[in-house]
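In what follows, a structure is listed as structure tokens, so that the remarks can point back to it.
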Amino acid sequence: MALDKDNKGSPGNIIAAVSADKAGNHYQTCLIEKIPDPCAIVIIGASGDLTSRKILPALFNLYLCGAMPDPFIIVGCSRTRLTDQEFREKMEGAVKSSGIFAPSEWKNFCSSIHYKTINYDDLSSFRALEEFLKNPTKTDKSRWNVLFYLAIPPSLYKSTVRMLGMSGLSAEGGNWSRIVVEKPFGRDLNSAVDLDRSLHEHFEEHQIFRIDHYLAKETVQNILIFRFANSIFEPIWDRRYIDHVSIIAAETLGVEHRAGYYEQAGVLRDMFQNHMMQLLAMTAMEPPSIFETDRIRDEKAKVYRALRPFPVENFNEYIVLGQYSRGIIDGRMVPSYREEPGVSPESLAPTFVMMKIFLDNWRWQGVPFYLTSGKRLAKKLTEITIQFKQIPHSMFRLTLDKEISGNRLTLGISPDEKMTLTFQTKSPGTEVCLRSVTMDFDYRQGYTGPILEAYEKVLLDCMLGDQMLFWRQDGVELCWSFLTPILDRCEACDNRSEILLPYESGTWGPKDLR
């Protein structure tokens, strides 16, 4: 596939990517808005799993799409001692495992990969990195533009940021310097504020990218287009017509290799403070006055401010906590959470939460939102369901002996990227019999071109300096303000073992609040 980097003809300077499928058919896509400036992508913690599974495959696929800067370098950094060649070979294996390997392209790509050993609290190793990034032979700048990706445990964020600042790597002059921080952004409100204070000691807000890859999923972004670019839905998108909203992010996987983290976090910190709250905001926000980064983030913040304080005094009426036990997943027996390697046999970490919340604003007053996330559930599924109210008066009350179900709209995020609308029709025949039918739209229907996956999109946006798909600190703090009393109630109560309900792996959890 080739990109015309000089194409300025389409609206918004959208660059047309022209390619051909295996059958020789050509297509055009609005794949990439523009190519980033030349830069260095510095991955701190590059020997870890995140780099191998997500970051390097994403960067290589951006390269295949013609979306990487020209020139660029990738610098892996961690405490592990590796040569450039050893790191390149490790990354080659990771990219091959991802299924997107192209041998001829890899040869050119990997020549831009380098490796530097650093210690996260050793200033001299960061100064050596700063010296390495002074490379005027590649660009017309005295130092590379640089994107720092923190692929390290949250416990190392503060010391690493301090080293970046003290070494001068955070400074901007004729070049830009940006930092990418993975969730979790703290573990409660106080720690989130403390982390933000540490970041701002050395980086300005425009340099900080708090990543949430859920926001970069095409179907999540499409929620705003669906709501605000179609006149048939927005007029009924409120308390007058909607009975309730259900948002679910279910996994069939267990804790896997993340026991050390999960024992400290649990599902509330792992999923609710970030992914679930972002899906809530996209579903419930008001239309911004213009499609612009801070206008959109302003509207999301308004949703978080409207969250009704959680009624911890009636805890069990508004939340269900669970932990998976043994069960069958994909035809095989899987262990309970407490039997997973690295998990305490007496662990009280929740792996399932279903929560009923309300928004105290004009649009949503009285409409319950059910947020559900859990591990070892019956199906891998992320979707948003809008359940409309039943019709207010039935002309069929003397004809039909059952209630008429309300319409239902489902926005599929993963694995099925689609929208479905359920409504009533008459079954064929002389008798009046109703049946529910579904109108389906597959997101990729009629499209055969390349699609940027979530990590590819966020990495590209980081290089472009576009923060629309990233958290702003006020949103982080508002969400922690809502969740911290719930966490305190969960972790301080004497009967925690009683409210943490077991559920069999392969089911949909312990019980339903609806």
Subset of the stretch 462-508 (residues that are out of contact with any Ser or Thr (no Cβ under 7 Å at 6 or more places or on another chain), surrounded by 17 or more Cβ atoms within 10 Å (Cβ to Cβ) and of a type in the set (Gly, Ala, Ser)): 475, 506
Positions within the stretch 402-437 being of a type outside the set (Gly, Ala, Ser), assigned to a strand (DSSP E or B) and modelled with pLDDT of 80 or more, in sequence order: 408, 409, 410, 411, 413, 418, 419, 420, 421, 422, 423, 437
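Let's see how each residue does on (1) small (Gly, Ala, Ser); (2) in contact with a His (Cβ under 8 Å, 6 or more places away or on another chain); (3) within 22 Å of residue 357 (Cβ to Cβ):
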{"site": "267", "(1), (2), (3)": "no, no, yes"}
{"site": "276", "(1), (2), (3)": "no, no, yes"}
{"site": "284", "(1), (2), (3)": "yes, no, yes"}
{"site": "294", "(1), (2), (3)": "no, no, no"}
{"site": "308", "(1), (2), (3)": "no, no, yes"}
{"site": "316", "(1), (2), (3)": "no, no, yes"}
Complete set of residues in the stretch 128-150 that are at pLDDT 95 or above and either part of a loop (DSSP other than H, G, I, E, B) or not hydrophobic (A, V, I, L, M, F, W, C) (or both): 149
Residues satisfying the stated conditions in the stretch 151-177, i.e. buried (at least 17 other Cβ atoms within 10 Å of the Cβ) and either assigned to a loop (DSSP other than H, G, I, E, B) or acidic (Asp, Glu) (or both): 151, 152, 167, 169, 170, 175, 176
Residues of the stretch 109-136 classified as free of Cβ contacts under 8 Å to residues at least 24 places away in the same chain and of a type in the set (Asp, Glu), total: 1
Condition broken by residue 215, with the remaining ones in (1) farther than 14 Å from residue 149 by Cα; (2) at pLDDT 90 or above; (3) crowded, with 21+ Cβ neighbours inside 10 Å satisfied: (2)
Restricting the stretch 169-189 to residues that are touching a residue at least 40 places away in the same chain (Cβ under 8 Å) and not charged (D, E, K, R), the residue that is farthest from residue 297 (Cα to Cα): 169
Subset of the stretch 241-265 [surrounded by fewer than 18 Cβ atoms within 10 Å (Cβ to Cβ) and either of a type in the set (A, V, I, L, M) or more than 15 Å from residue 408 (Cα to Cα) (or both)]: 252, 253, 256, 257, 258, 260, 261, 263, 264
Given (1) within 30 Å of residue 425 (Cβ to Cβ); (2) of a type outside the set (Phe, Trp, Tyr); (3) touching a helix residue (DSSP H, G or I) at 6+ places or on another chain (Cβ under 6 Å); (4) part of a loop (DSSP other than H, G, I, E, B), number of the condition residue 345 does not satisfy: (1)
Residue under evaluation residue 218, criteria (1) within 26 Å of residue 451 (Cβ to Cβ); (2) over 14 Å from the mean Cα position of the chain (by Cα), criterion not met: (2)
Options 27, 63; residue that is at pLDDT 90 or above, of a type in the set (Ser, Thr, Tyr), surrounded by 13 or more Cβ atoms within 10 Å (Cβ to Cβ) and over 23 Å from residue 170 (Cα atoms): 63
Residue check for residue 101: farther than 28 Å from residue 71 by Cβ, in contact with a helix residue (DSSP H, G or I) (Cβ under 9 Å, 6 or more places away or on another chain), among the hydrophobic types (A, V, I, L, M, F, W, C) and part of a loop (DSSP other than H, G, I, E, B): no
Residue tally, condition of a type in the set (A, V, I, L, M, F, W, C) and over 26 Å from residue 183 (Cβ atoms), over the stretch 215-233: 4
Among the residues listed as 99, 66, 76, the single one being free of Cβ contacts under 8 Å to residues at least 12 places away in the same chain and within 25 Å of the chain's Cα centre (by Cα): 99
Qualifying position, being out of contact with any His (no Cβ under 6 Å at 6 or more places or on another chain), under 23 Å from residue 134 (Cβ atoms), hydrophobic (A, V, I, L, M, F, W, C) and not in a loop (DSSP other than H, G, I, E, B), among 46, 58, 94, 40: 40
Selection status of residue 326, surrounded by fewer than 18 Cβ atoms within 10 Å (Cβ to Cβ) and either at pLDDT 95 or above or of a type in the set (D, E, K, R) (or both): yes
For residue 291: the one exception among (1) surrounded by fewer than 18 Cβ atoms within 10 Å (Cβ to Cβ); (2) within 30 Å of residue 504 (Cα to Cα); (3) of a type outside the set (D, E, K, R): (2)
Test: residue in the stretch 224-244 that is in contact with a Ser or Thr (Cβ under 8 Å, 6 or more places away or on another chain), touching a residue at least 12 places away in the same chain (Cβ under 8 Å) and not small (Gly, Ala, Ser): no
Residue match in the stretch 341-350 (condition: more than 20 Å from residue 437 (Cα to Cα), buried (at least 21 other Cβ atoms within 10 Å of the Cβ), touching a Ser or Thr at 6+ places or on another chain (Cβ under 8 Å) and hydrophobic (A, V, I, L, M, F, W, C)): no
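The values are calculated or read from the model by the stated rules, or taken from the named source; none is laboratory data. Keep in mind that what you see is a predicted model, and the values were worked out from it rather than measured. Using ideal geometry, Cβ is built from the backbone for each residue, glycine included, and neighbour counts are taken over all protein chains shown.
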